[in-house]
1. What's the number of the only condition in (1) surrounded by 13 or more Cβ atoms within 10 Å (Cβ to Cβ); (2) modelled with pLDDT under 90; (3) in contact with a Leu (Cβ under 8 Å, 6 or more places away or on another chain) that MET158 fails to meet?
2. Give the number of residues within region 82-98 that are assigned to a strand (DSSP E or B) and out of contact with any Gly (no Cβ under 6 Å at 6 or more places or on another chain).
3. When you scan region 119-132, do you find a residue that is surrounded by fewer than 17 Cβ atoms within 10 Å (Cβ to Cβ) and at pLDDT 95 or above, even just one?
4. State all residues of region 31-59 that are more than 17 Å from CYS147 (Cα to Cα) and not in a loop (DSSP other than H, G, I, E, B); if no residue qualifies, say none.
5. Within region 82-119, can you find the residues that are aromatic (Phe, Trp, Tyr) and within 19 Å of ASP151 (Cα to Cα)?
6. Hey, any hits in region 93-116 for a residue that's free of Cβ contacts under 8 Å to residues at least 40 places away in the same chain and more than 30 Å from GLN33 (Cα to Cα)?
7. Among the residues of region 124-144 satisfying the criterion of being of a type outside the set (A, V, I, L, M, F, W, C) and under 17 Å from PRO57 (Cβ atoms), which is nearest to the chain's Cα centre (by Cα)?
Amino acid sequence: MKYPLYWLLAPLVLTACGATEQTTLPDNGEYAQLPLTADVLAMPAWQTLNRFPPRYPKKEAMAANTGCATIEYVIQPDNTVTSLRVVDSSSRYFAQEAEQVIAKWEWSALPSGMVDKPVKTQTRFEFCLEDGSGLCQLEKLADRTQCSGSDMIASVGMRVRRG
């Protein structure tokens, strides 16, 4: 055996790669001290913002995985979004799709002057594959999550069996 150490470490590496854990990253940016304003987008003034759900990540859909991601971000007075940060995530693919969709929301269509100073908020994204049992109903998703946050957007896919 030329590399006995590899045989000892391989099970540890494979086990660690298969685990899904929440990821919490520190906020070392410019807005680290800005307080979080929970549910700011639920206020009536923000209801004109078209907040569509993210695409279901192809790799996660093919593996029939469900999960979540919570993204924190800062809304600027000029209706731009900066300082996107993953707070919680069950998968890097869910986090990537969630970050990308926030940037695609039509912030520029909002009336100017919505905020007079930067506002930090967060949105939780739930990714669920519906199998006909009602598992992906919003009420059920809100209760069974590993990610934080009450402002929730659901991305629901359909389970399809190959014949």
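1. Among (1) surrounded by 13 or more Cβ atoms within 10 Å (Cβ to Cβ); (2) modelled with pLDDT under 90; (3) in contact with a Leu (Cβ under 8 Å, 6 or more places away or on another chain), the lone unmet condition for MET158 is (1).
2. Total satisfying the criteria: 7.
3. no
4. Across region 31-59, the qualifying residues are VAL40, LEU41, ALA42, PRO44, ALA45, TRP46, LYS58, LYS59.
5. Once the filter is applied, which keeps residues that are aromatic (Phe, Trp, Tyr) and within 19 Å of ASP151 (Cα to Cα), region 82-119 yields PHE94, TRP105, TRP107.
6. no
7. It comes out as ARG124.
Every residue, every condition in (1) surrounded by fewer than 17 Cβ atoms within 10 Å (Cβ to Cβ); (2) in contact (Cβ under 8 Å) with a residue 24 or more places away in the chain; (3) under 14 Å from LYS120 (Cβ atoms), yes or no:
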{"position": "PRO35", "(1), (2), (3)": "yes, yes, yes"}
{"position": "ALA42", "(1), (2), (3)": "yes, yes, no"}
{"position": "ALA45", "(1), (2), (3)": "yes, yes, no"}
{"position": "LEU49", "(1), (2), (3)": "yes, yes, no"}
{"position": "ARG55", "(1), (2), (3)": "yes, yes, no"}
{"position": "GLU60", "(1), (2), (3)": "no, yes, no"}
{"position": "ALA63", "(1), (2), (3)": "yes, no, no"}
{"position": "CYS68", "(1), (2), (3)": "no, yes, no"}
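The values are calculated or read from the model by the stated rules, or taken from the named source; none is laboratory data. Because the structure is a prediction, the values reported are computed rather than measured. No Cβ is skipped: glycine too gets one built from the backbone with ideal geometry, and neighbour counts run over all protein chains shown.
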